[in-house]
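This report concerns only the one structure given below.
The values are calculated or read from the model by the stated rules, or taken from the named source; none is laboratory data. It should be emphasised that the depicted structure is a prediction, and the values quoted were computed from it without experimental measurement. Counting neighbours? That spans all protein chains shown, and the Cβs are built from the backbone with ideal geometry, glycine included.
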C-alpha cells in the first residue's frame, strides 16, 4: 500500500460520489497518510460507502481447492465484497461444500448450472453481480490479502481512471509452493499494444474491472468452447476491454496462480489451436494490430512446439508446426528452422534411448 501511495503521490484526482459520478476535485492524500478507501469500517472522504466488489468464481469439480480459494477472498483487507460461486455442473461434492460454507458466510451466493464452460460461468456471475467492480478468481488460485485493495485504489483514485487493474502472479505447484516468481512493472495507460504482443495479465485471477465496461463488450466469449477455442477466453476478453479503456498494474505480486499438471494450459496443441482462433478473430476486428498479432501467433507456435518436445510429445509438436505454417504469417518462417532443429534433436534422442 505504501508503494502505491508513493507512486500516486499527491496528484489531484477526480472525486466520486456513491454512484461513481464525478463531483468536486479533491487532493490525493500525501505519501504515508492512512488510506481513506479501504480497511474494515473505512469510508472514502465524501462517500457514503466504499464501492462493492463482486468476486466471481467458476467451479467445476473443484472440491480439492475451492475452500482455500474462497478463504483467500474472505481474507481480503478490502472487505466490502460479495462472493459469487458458479457451480458449473460439478459431479463431485463441490456443491455440498459450498452449501455448508454458505451457512456461515452471508456474503457467499451460489449459482448452479449445467456444465457450460468457464466463459458462460463467469458471465452468469457478472449478470448476478451487484458490485461496481468484478474480481474473477479461478477455483484453484489464491489471492494475497491486499489483492482487491490494491486494484480498487488504482481504479478509484488514479487521475487517469483505468477500467481494469491487475496485480502480478507467482506460479505455484499443486502443493502451493512457488515455482516461478512474478515479473512485471507498474503502469497506467493504454494496453492494447501489449496484449497484441503478449499477455501481461497472465491469468484469469489477476484483474479487477468495471462491471459496466464488461457488459458493454458482451462479457466473455461463450462461443469459443463450441469452436474448439477454450483456454483463451481471458486473453480475448482483456484484448477487447483494452480497446475501450486504459489498464493499470500495481507492479506487485498479489496472486498465486496454480500451475497444475492436468490443467488445460498444459495441453499445448489445444492451447495453440485456441490461440490461433482468438488471434485471427482479433486480426479481423482490429486491422491496425494485425502485424503484432501475427508475430504473437508465430511466437506461440515456437513456444508450444518446444514445450511439447520437452514433454517428448513429438506428434503434437509437429502438428503445431504444420498448423502454424498454414497461417503463412511472414515472420513464422524466421522461426521454423529453430523448430526443425528442436524436433530433429528430440527425435534423435528418442531413437538413442
For the structure I just gave you, tell me whether residue 62 is out of contact with any strand residue (DSSP E or B) (no Cβ under 6 Å at 6 or more places or on another chain) and either modelled with pLDDT of 50 or more or under 22 Å from residue 167 (Cβ atoms) (or both). yes
Is it the case that residue 288 is closer than 29 Å to residue 155 by Cα, part of a helix (DSSP H, G or I) and modelled with pLDDT of 95 or more? no
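Taking residue 329 as the residue in question, decide whether it is in a helix (DSSP H, G or I), out of contact with any strand residue (DSSP E or B) (no Cβ under 9 Å at 6 or more places or on another chain) and either modelled with pLDDT under 90 or surrounded by fewer than 14 Cβ atoms within 10 Å (Cβ to Cβ) (or both).
no
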Could we say that residue 250 is under 20 Å from the mean Cα position of the chain (by Cα), over 24 Å from residue 118 (Cα atoms) and either surrounded by fewer than 18 Cβ atoms within 10 Å (Cβ to Cβ) or modelled with pLDDT of 90 or more (or both) here? yes
Extreme residue, nearest to residue 176 (Cα to Cα), among residues of the stretch 258-270 that are modelled with pLDDT under 90 and surrounded by 17 or more Cβ atoms within 10 Å (Cβ to Cβ): 259
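Name the single residue that is nearest to residue 58 (Cα to Cα) among those in the stretch 84-96 being out of contact with any strand residue (DSSP E or B) (no Cβ under 6 Å at 6 or more places or on another chain) and surrounded by fewer than 19 Cβ atoms within 10 Å (Cβ to Cβ).
The residue in question is 89.
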Check the stretch 151-158 and report whether any residue there is closer than 24 Å to residue 217 by Cβ, touching a strand residue (DSSP E or B) at 6+ places or on another chain (Cβ under 8 Å), in a loop (DSSP other than H, G, I, E, B) and at pLDDT below 95. yes
